[in-house]
Amino acid sequence: MLTKRQSEILGFIQSRFFADGYPPTFREIASHFNIHSVRTVSDHIAALEKKGYVKRDKGKKRNLRIIRGAETPIIGEISAGSPMVPINPDDSVRFDKFIAADHLFLRVKGSSMVGDGIRNKDIVVIKPQKTARNGDIVACLVEGEVLVKRFQKRHGAVMLLPANDNIEPLVIREEDGKKLEIIGKVIALFRSYE
């Protein structure tokens, strides 16, 4: 069980991973929480490490890796349709599903996937893998360019499908000599409204 301060620090580390792609330094953690001693932060990090939430990589300035994220309680449900009475379910969300040491975070540029809810400036979370199933939304490398598209393989050709009627699918056939490399599967996205 985490103390309130440990939970706050873990949440801050996670949020910096989301926003910046790397963890905060101990000094940045101390500054954020108005903690006067970096040693106090070090003690909190040691407790988080002992409890299996973070791992320190020796010899690096930004040496924190999240092993297991904090559970954040879901405090209720909110309607995106008709008004409803708010309830307080016994549920939580674990952010470590989205933050594994090998996951990649890429900022989206463009509007080709808006039909799948992926918008310009969103951050997509990529689970690295070299293969894809039909229907997966993937990050891939085509002729040196990184793309996010829906994967479809049919009759020896790969189609990278946009989710925008104004954009044509990209068809890749082996005989055309184009190279396609799957980087990984999109498993989540983050969007800021600020």
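Once you've got the Cα coordinates, tell me which of Lys51/Lys130; Lys127/Lys179; Lys4/Lys55; Lys50/Lys185; Lys4/Lys127 are over 24 Å apart.
Where the Cα-Cα span goes over 24 Å, the pairs concerned are Lys51/Lys130; Lys50/Lys185; Lys4/Lys127.
Tell me, Phe105, Phe33 in order of fewest to most beta-carbon neighbours within 10 Å?
Going from least to most buried by this count: Phe33, Phe105.
Using 0.36 nm per residue, how much length does the chain from Glu175 to Arg62 gain when fully extended, once their Cα-Cα distance is taken away?
36.1 nm
Full-extension gain between Thr25 and Arg107, please, as 0.36 nm times their residue separation minus the C-alpha to C-alpha distance.
Value of the extension gain: 27.2 nm.
At 0.36 nm per residue, and after removing the present C-alpha to C-alpha distance, how many nm does the segment from Val38 to Arg191 gain when stretched out fully?
Separation in residues times 0.36 nm, less the Cα-Cα distance, equals 51.9 nm.
Just so you know, all these numbers are worked out from the coordinates, no wet-lab data involved. Here the structure is a predicted model, which is why all the values come from computation and not from measurement. All Cβ positions, even for glycine, are placed from backbone atoms using ideal geometry, and neighbour counts span all protein chains on display.
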